[in-house]
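Heads up, the thing below is written out as structure tokens.
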Amino acid sequence: MATLRDIRRRIRSVESTQKITRAMKLVAAAKLRRAQERILAARPYAGKMAELLGNLVSSADADEAPHPLLIQRAGPRRQIVIITADRGLAGAFNSNIVRRALDFIRQSSAPDVTLVVVGKKGRDFFRRRGWPIKRAMIGFWDGLAYTHATELGNYLMQQYLDGEVDEVHLIYNEFRSVAVQRPRREQLLPIPRAETGEGSTTPVDYIYEPAPDAILGDLLPRHVRTQIFRALMESLAGEYGARMTAMEAATKNAKDMIEVLTIQYNKARQEKITKELLDIVGGAEALTQGAEA
């Protein structure tokens, strides 16, 4: 049975852990607000660019050679960009992405699959299991900027244009709410054409100046960088939301554990006091009986 000293030590340990989890929750909540504002501001821009790009590609002359980023290749040699966090203590945030990536890899019929991993957690997971990691980006989340998306986007586009890969897919956590982050996969390269047919929206007939092909040459690379930047911001906001939720649950669990340990401590203390009183009473009775004898 645990002694009073052991119980007191456990209570102090849990209280220290509770202070840490509460502080981490407050930090995540403060960072989440700014990250949420950024992603909510970026979504309309990214969505409108995708819409404009779809109309532009659909209206391009079919007889002309397509832009290199639109060319569909046979194969394919597939490259998967996996976006995770650098740190843990965020519930199932990282494990959900890793599980989604593994499922996609196992279901893939591609003979050659390489990985580009963003975030330390994903890099360490796949490195320990011997997966070929072509490039890893870590240590920039606290200062996330568009330059990081530009660096990654330029690298992926160069890989595609050089013919080293035939497809590039993006797997990341989409921020839905503080408590919900949904793993999502998107094809980044070649850039998918707008869907046509029943249920699809009617393309808008824009007047372009200069010609659509000239606009495509500038818009397609920008579209790739924008989608990467949006995915990075989605993942960052999702990480803060997941950490905030996880630390809130951990703080509550610590509080419940402290209450249980406090009850256990009080019971043990009462038992000890009762035992000491019985010893005192027993000793007093023995002395009384000895004096009478």
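Values quoted throughout were computed directly from the atomic coordinates according to the rules given, and no laboratory measurement underlies them. Quantities reported herein were computed from a predicted structural model and do not represent experimental measurements. No Cβ is skipped: glycine too gets one built from the backbone with ideal geometry, and neighbour counts run over all protein chains shown.
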message: Springs between alpha-carbon pairs under 10 angstrom, Gaussian network model over the chain: which of G283, G119, G163 fluctuates most?
response: G283
- prompt: What FRET efficiency do you get for R9 and E164 if R0 is 51 Å and r is their Cβ-Cβ distance, rounded to the nearest 0.05?
  reply: 0.30
- request: Give me the angle, in degrees from 0 to 90, between the Cα long axis of helix 146-161 and the longest principal axis of the Cα atoms of the chain, rounded to the nearest 10.
  value: 50 degrees
- line: So, with points 7 Å from each Cα along the Cβ direction, the S108-R43 label distance in nm works out to 2.8 nm
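Take every Cα-Cα pair in the chain and report what % of them are more than 34 Å apart.
Working: 17790 of 42778 pairs.
Result for the distance tail: 42 percent.
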Sorted largest first, extent of region 229-292 alpha carbons per principal axis (Å): 93, 11, 6
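Which pairs break 31 Å Cα to Cα here: K252/K275; K25/K120; K31/K255; K31/K121; K121/K252?
Numbers: K252/K275 35 Å; K25/K120 21 Å; K31/K255 24 Å; K31/K121 20 Å; K121/K252 26 Å.
As for pairs spanning more than 31 Å Cα to Cα, those are K252/K275.
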message: Could you compute the net charge surrounding G88? Neighbours are other residues with a C-beta less than 12 Å from the C-beta of G88; K and R count +1, D and E count -1.
response: +1
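Please give the peptides 171-183, 35-47 ranked by average Cβ packing (other Cβ atoms within 10 Å per residue), highest first, as a rough proxy for protection. List each step's numbers first, then the result.
Working: 171-183: 19.2, 35-47: 14.7.
In descending order of packing, they fall as 171-183, 35-47.
Given R₀ = 45 Å, FRET efficiency for Q187-T17 by Cβ-Cβ distance, to 0.05? Don't jump to the answer; show the numbers that get you there.
On the way: r = 43 Å, r/R0 = 0.96.
Calculated transfer efficiency: 0.55.
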- line: The ³J(HN,Hα) series, computed from each phi in region 264-276 with the Karplus coefficients 6.51, -1.76 and 1.60 at θ = phi - 60°, rounded to the nearest Hz and given as x for glycine or proline, is 5, 5, 5, 5, 5, 5, 5, 4, 5, 5, 4, 5, 5
